[in-house]
Amino acid sequence: MNIRDTISRLQDFYILCFRAPLGVFGRPFYIRETIEHMDYMGTGSLFIVFLVSLFIGMALSLQISAELSALGLKMYTGRIVGLSIIREIGPVAIALSFAGRVGSGITSEIGSMILGHQVDIMRVHGVNPLKKLVTPRVISAVLMLPVLTIIGDAVSLLGGYYISVFVSHQSGSYYWSQIRDIMNFKNIFSGVIKPFLFGYLISCISCYMGLSARGGAQGLRKATTSAVVMSTIMIIISDFMLTRVLLLVLGERV
Amino acid sequence: MIELRDVTLAYGDHVVLDRVSFKAEFHERVAILGSSGEGKTTILRLILGLLRPDSGKILIDGQDITEHSESQLRDFRMNFSIVFQEGALFDSMNVRENVAFCMREYTNYSEDEIEKRVRSLLNRLGIEDAIYLMPEELSGGMQRRVAIARSLAGCEPKMMLYDEPTSGLDPLTADNICKLIKELSKGDPPGRAGFIIVTHKVTDASKVAERFMYLRNGNIIFDGDINALKNTSDTELRSFISELYAA
């Protein structure tokens, strides 16, 4: 791929990112499609989110309590687990799972529609594929990922509680009192704002990769892989950048 | 009227169409013949504005559409309807939803009205019983019929575009599809809705079309009626249409 192609693809991607959310402001409104995608992305991802979150919470609690007990500070396990989960690990881990499950699904679905000329049929019949295919998916991802993250955080904290109480033999009420202590605006805001951005990035990248799929089954495989890889990289990079900005905005010193 | 004027298009280094020019009236029955990969489907996609040529002009009713935006092209596309190879049905929708696609997008018909219109169209094409089947449950011939029904629902195209409508079908089903294509373009010109059919099946093309073009190496090397086609002196073209002599 030459520089001209790269610039042209980047331009197409930015246009998609810009226009996709604007699709909600004009007719036709694809409400039924949006609800279907919300169900697929939200309800359909609950099991994987539950499983991933539970084990992350347990592993984190196990590791932290082991380290802290060597220093005689294991009563702070709940505080550290809670902060890590709510502000950082929860949003990122759920977003990565979401990219793997939903992002790859979006790319393969739209990609196969491209290869099967279904998107061409839409264009011929005057239907805007961006509005019909991309906008409902972006809106659904932006709305559902924060919900999944909140559920995932709660499950992780429960996993951490289980390890703290039944493995590390700490007080359960003290664990929850520390969790309550860290439940302030700054921490909750930092943890909840990230999934909105991650959902937007994952859905835009996946839709773009699907729409640019070419070259049969092999092209579709390439597009799906690229969507997951690009989403993963963008989640990690944007997490760092957003964390930096949030610390600055919320007036927290590093 | 459709006019392609010196249209050139390349995919990377591979030149698919090299200064191709032709004119066709909306009521004409045109067949574009050629081997696979010669750019037949590309011509249909160019006419619909789904692709932009590298150079040259595409005029629809005298207006050059090559520089038109997607929203401007929507009006021009209303002149046409297309049936892609394999049907290109929406695989997440059943037959009813596929055929009702345009009605749902553009009309305020009630569910009862949509049902009535879909059934009427499917009945006309002889596949009413398949109304609640999914595309993967349909045979190749039925898929093409549903695609034709969808292309007719909710719009009155001036010209139909068929991309290899009989490829992969057994001779009997292919013959039925040809009859259907001809049936749909019945009537007298200029009011008649004509079609452009691109195919490598010469016999099927000869059953429906009245004008034939042959595409080779990115150029139209033949343009004429069935008699001129049969009497061509081009040896490669004679070999390509050999089944016509046998018939």
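The values are calculated or read from the model by the stated rules, or taken from the named source; none is laboratory data. What you are looking at is a predicted structure, and each value in this text was computed from that prediction instead of being measured. No Cβ is skipped: glycine too gets one built from the backbone with ideal geometry, and neighbour counts run over all protein chains shown. Note: accessible area is taken over every heavy atom of the protein model, side chains too, but ligands, DNA and RNA are not part of it. Shrake-Rupley method; radii C 1.70, N 1.55, O 1.52, S 1.80 Å.
The table that follows gives values for the structure above.
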| item | result |
| --- | --- |
| Label zone at B:Glu156, where the point sits 7 Å out along the Cα-to-Cβ direction: segment B:61-86 residues whose backbone N lies under 19 Å | B:61, B:75-82 |
| Under Karplus coefficients 6.51, -1.76 and 1.60, residue-wise ³J(HN,Hα) of segment B:134-148 in Hz, glycine/proline x | 8, x, 5, 8, 9, 6, x, x, 5, 4, 5, 5, 4, 4, 5 |
| Descending semi-axes in whole angstrom, ellipsoid equivalent of segment A:28-248, from the Cα gyration tensor | 39, 16, 14 |
| Degrees between helix B:111-124 axis and first principal axis of chain B (Cα, 0 to 90, nearest 10) | 50 degrees |
| Amide hydrogen neighbours beyond the local backbone of B:Ile197, cut-off 5 Å, H modeled | B:Val30, B:Ala31, B:Ile32, B:Tyr162 |
| A versus B: buried accessible surface, summed, Å² (probe 1.4 Å, to nearest 100) | 1800 Å² |
| Table column - 3J(HN,Hα) (Hz), segment B:161-169, Karplus curve with 6.51, -1.76, 1.60, x for Gly and Pro | 10, 10, 9, 6, x, 10, 5, x, 9 |
| For segment B:54-70, 3J(HN,Hα) per residue [Karplus equation, 6.51 cos²θ - 1.76 cosθ + 1.60, θ = phi - 60°, Hz, x = Gly/Pro] | 5, 8, x, 10, 10, 10, 10, 6, x, 9, 6, 9, 5, 9, 6, 6, 4 |
| Fraction of accessible area attributable to carbon and sulfur, segment B:143-247 (%, probe 1.4 Å) | 47 percent |
| Whichever lysines have a C-alpha closer than 26 Å to that of B:Lys207, once near sequence neighbours (fewer than 8 apart) are set aside | B:Lys23, B:Lys40, B:Lys158, B:Lys179, B:Lys182, B:Lys186, B:Lys230 |
| Amide H within-cut-off set for A:Asn128, under 5 Å, with H built and near neighbours excluded | none |
| Area accessible to solvent at A:Lys74, 1.4 Å probe radius, in Å² | 70 Å² |
| Proximal aspartates and glutamates to B:Lys201, defined as alpha-carbon separation beneath 13 angstrom and excluding residues fewer than eight positions away on the same chain | B:Asp163, B:Glu164, B:Asp170, B:Asp175, B:Glu243 |
| Cα-based Lys proximity count in segment A:28-248, under 30 Å, for pairs eight or more positions apart or on separate chains | 8 |
| Amide hydrogen neighbours beyond the local backbone of B:Phe222, cut-off 5 Å, H modeled | B:Tyr214 |
| Protein-only accessible surface order, largest first, of B:Asp225, B:Asp54, B:Asp64 at 1.4 Å | B:Asp54, B:Asp225, B:Asp64 |
| Surface accessible to a 1.4 Å probe, per residue, for the residues of the protein assembly as shown, Å² | 47 Å² |
| Cβ crowding within 10 Å averaged over residues, with B:130-141, A:95-106 ranked highest first | A:95-106, B:130-141 |
| Per-pair calculated FRET efficiency, R0 = 56 Å: A:Asp39 and B:Glu236 via Cβ, rounded to 0.05 | 0.50 |
| More than 31 angstrom apart: percent of Cα pairs within the protein assembly as shown | 55 percent |
| Cα-based helix-to-principal-axis angle, A:172-182 vs chain A, degrees rounded to 10 | 60 degrees |
| Solution diffusion estimate, µm²/s, Stokes-Einstein, segment B:26-77, Kirkwood Rh from C-alpha pairs, 20 °C, viscosity 1.002 mPa s | 176 µm²/s |
| A:Ser226, B:Ser110, A:Ser206, reordered so the largest accessible area comes first (probe 1.4 Å) | B:Ser110, A:Ser226, A:Ser206 |
| Crossing angle, helix B:95-106 versus chain B [Cα axis fit, 0-90 degrees, rounded to tens] | 90 degrees |
| Sites A:Val245 and B:Leu59, calculated FRET efficiency, Cβ-Cβ separation with R0 45 Å, nearest 0.05 | 0.30 |
| B:Met1-B:Asp75 pseudo-label distance in nm [points 7 Å out on the Cα-to-Cβ vector] | 2.1 nm |
| q = 0.14, 0.15, 0.16 Å⁻¹, chain B: log10 I(q)/I(0) [Debye, one scatterer per Cα] | -0.96, -1.10, -1.23 |
| Virtual spin-label span in nm between A:Asp181 and A:Gln63, 7 Å along Cα→Cβ | 2.3 nm |
